[in-house]
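The values are calculated or read from the model by the stated rules, or taken from the named source; none is laboratory data. Note that the structure is predicted; figures quoted are calculated from it, not measured. A quick note on method: Cβ atoms are made from the backbone with ideal geometry, for glycine too, and the neighbour counts reach across all protein chains shown. Each accessible area value is taken on the protein alone, full model and side chains, heavy atoms only, with ligands, DNA and RNA left out. Shrake-Rupley method; radii C 1.70, N 1.55, O 1.52, S 1.80 Å.
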Amino acid sequence: MYDFVEMSLMDDSPPANHLSGPYLPEAADCMRCGLCVGSCPTYRIFQSQEETPRSRVRTLSKILLENQAISASERLHLDNCLQCRACEPVCPSKMAYSVLFDQAQAQLAKKTNRLAKLALALVTNKAWRARLLPGLALLVKSGLPSMLRHSGLLQALHLTEAAALLRVPALKPLAPHYPSTRKKCGQVALFIGCISEHFDRDTLQAAIALLTAIGYDVLIPSAQACCGAIHQHNGFSAAAMITNNIEVFNGLDVNAVVHCATGCGAMLSEYQTDNTEASELFKSRLHDVHEFLLAHWPDDLQLQVLPEKIAVHEPCSQRNVLKNQQAVYSLLAKIPAASVTALPDNALCCGAGGSYLLTHPDNARQLRDLKQHALKTASADRVVSGNFVCAAFLNADKGDIVHPLHILARQLPTQ
Ligand code: SF4
Ligand code: SF4
């Protein structure tokens with residue numbers, strides 16, 4: 001299996017999902033029609049032509065097709081992209097914007113310093129995490145996030161929003177096997193990736209409670225790796241992680257591989273390698289947790305009543321890539337007396353954008369302000385989001401947005 005300690009910090013080969021696969025339009029296929037402009041969150045906040053997908057596709061064409069140097073201003077506007085992919089579904093040329101963006105990043109990232117590469121390696125290196133997390137847990141418990149917020153240090157380092165992600169990590173690993181709590185129908189493997197086991201444990205526990213309650217054993221293979229999204233979107237190769245995950249999950253005798261985080265799910269659903277047979281097998285068994293629960297929900301499993309209005313935030317990775325947000329509404333509708341509604345302005349990115357809240361905190365905050373206006377107008381009792389980073393970012397001002405699975409698991413009948 002892939003050993004993270006051996007992950008090469010100099011692995012600059014192109015992102016693996018470009019090795020093979022169907023024909024994708026090139027940047028030169030852009031018709032300049034501008035239909036994508038209104039969908040772009042950076043156009044919404046800057047109201048400038050340079051901050052549109054159309055303009056960025058022109059820059060991508062220069063990098064990828066014309067081998068031209070780009071100006072500092074073009075680089076700035078390209079970097080302002082949140083990679084939300086809201087421009088893709090509206091494009092009549094079916095522009096594979098994210099693929100072009102990742103390819104360009106892979107070229108531009110060759111200039112990236114070793115410190116950035118080291119930070120990425122740290123995120124995905126299990127052994128380093130095991131050494132560092134106990135210390136982090138102590139620091140967070142001692143009030144570090146609030147001290148950092150008030151010290152001005154985060155502002156000085158342009159990391160103001162980093163505190164939103166700091167929470168006490170869960171240190172004990174999840175068990176490798178959770179048995180079904182009713183008559184067994186089969187078994188699934190749960191994708192937990194890199195950090196959700198430590199920082200989004202409640203969601204994984206809710207997923208386990210629900211999957212076992214519908215009659216499935218849950219396996220959690222410890223050899224699984226980060227999905228690779230953060231690497232690929234920052235211009236580094238995710239090939240080793242992709243190959244590892246395909247090998248680990250294809251080797252299991254399970255009915256499905258289930259993911260709970262929309263960002264990871266989007267990346268997993270687009271895995272491609274030169275071994276087409278293996279990647280197709282992997283994707284054929286891959287399911288979003290909401291879709292899987294909905295498809296296999298037993299007729300006799302009744303949730304407890306919850307007479308509340310629940311608003312659903314649709315993360316970009318779910319809305320623009322997985323395109324399965326309807327499953328969240330249908331699943332929540334199983335809660336008797338609950339009223340489930342969409343959060344207003346759901347098409348607009350909340351600003352979190354994976355690591356965007358750290359790299360572009362000012363832009364991210366402007367988008368969050370718009371989303372917080374939507375949260376107020378929704379006047380819901382609860383708001384849910386299938387993306388941990390979006391929820392953490394929107395919760396920075398003491399919000400209580402949770403993953404939909406938290407609410408569903410709480411409404412399971414008591415034994
Ligand atoms: S919608 Fe597509 S074809 Fe039209 S300008 Fe945007 S990227 Fe180009
Ligand atoms: S991915 Fe999002 S931010 Fe980037 S150009 Fe497309 S719509 Fe704009």
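Just for the chain, what percent of DSSP beta bridges are antiparallel, to the closest 5?
Percentage antiparallel, nearest 5: 10.
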**Request:** Please report the Cα spread of region 236-346 along all three principal axes, rounded to whole Å, starting with the longest.
**Result:** 50, 36, 15
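Which net charge results for the neighbourhood of Gln325, defined as the other residues with beta-carbon distances under 13 angstrom from its beta-carbon, given Lys and Arg at +1 and Asp and Glu at -1?
-1
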**Complete:** Across Ala86, Ala311, Ala130, the residue with the highest GNM fluctuation in the chain (Cα network, 10 Å cutoff) is Ala130
**Partners for Lys183 among aspartates and glutamates (Cα-Cα distance below 15 Å; same-chain residues under 8 apart left out)** = Asp217, Asp299, Asp300
**Message:** Could you sort Asp299, Asp288, Asp79, Asp202 by their accessible area in this structure, using a 1.4 Å probe and putting the largest first?
**Reply:** Asp299, Asp202, Asp79, Asp288
**Request:** Taking all pairs of distinct Cα atoms, average 1/r, flip it, and tell me the Kirkwood hydrodynamic radius of the chain in Å to one decimal place.
**Result:** 22.3
**Asked** Normalised by the number of residues in the chain, what is the relative contact order in percent for Cα pairs under 8 Å and 6+ residues apart?
**Response** 18
**Prompt:** What ranking, highest mean first, results for peptides 44-53, 379-388 when packing means the other Cβ atoms within 10 Å averaged over each residue?
**Reply:** 379-388, 44-53
**Request:** Show which aspartates and glutamates lie in cross-link reach of Lys309 when reach means a straight Cα distance below 20 angstrom and same-chain residues fewer than eight apart are skipped.
**Result:** Asp345, Asp381, Asp400
**Asked** Can you pull out the cysteines in the chain that have no other Cys Cβ under 4.7 Å?
**Response** Cys30, Cys33, Cys40, Cys81, Cys91, Cys185, Cys260, Cys350, Cys390
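Among Arg129, Arg365, what's the order by accessible area (1.4 angstrom probe), most exposed first? Don't skip to the answer; put the middle values down first.
On the way: Arg129 25, Arg365 70 Å².
Listed by decreasing accessible area, they come as Arg365, Arg129.
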**Complete:** What the Cα atoms of region 25-95 span along the principal axes, largest first and in whole Å, is 28, 25, 18
**Prompt:** What do you get when you divide the Cα radius of gyration of region 177-295 by 2.2 N^0.38 Å, with N the number of residues?
**Reply:** 1.02
**Item:** For Thr181, distant residues with modelled amide H under 5 Å away
**Value:** Ala213, Gly215, Tyr216
**Message:** Net charge around Glu74, counting only other residues with Cβ within less than 12 Å of its Cβ (Lys, Arg = +1; Asp, Glu = -1)?
**Reply:** +1
**Fill in**
For Lys62, the lysines lying under 26 Å Cα to Cα, once residues fewer than eight places off in the same chain are dropped, come out as Lys94, Lys110, Lys111, Lys117
**Message:** Quick check: net charge around Glu308, other residues with Cβ under 11 Å of its Cβ, Lys/Arg +1 and Asp/Glu -1?
**Reply:** +1
**Request:** At 0.36 nm per residue, minus the direct Cα-Cα distance, what do Arg131 and Asn255 gain on full extension? Give it in nm, one decimal, please.
**Result:** 41.2 nm
**Request:** Quickly estimate the mean residue ellipticity at 222 nm for the chain, helices only: each DSSP H run with n ≥ 4 gives -39500 (n - 2.57), and the total goes over all residues, rounded to 500.
**Result:** -12000 deg cm²/dmol
**Asked** Given the pairs Lys184/Lys323; Lys371/Lys398; Lys334/Lys371, which are separated by over 18 angstrom at their Cα positions?
**Response** Lys184/Lys323; Lys334/Lys371
**Of Cys185, Cys84, Cys226, the one that fluctuates the most in a GNM where the chain has Cα springs shorter than 10 Å** = Cys185
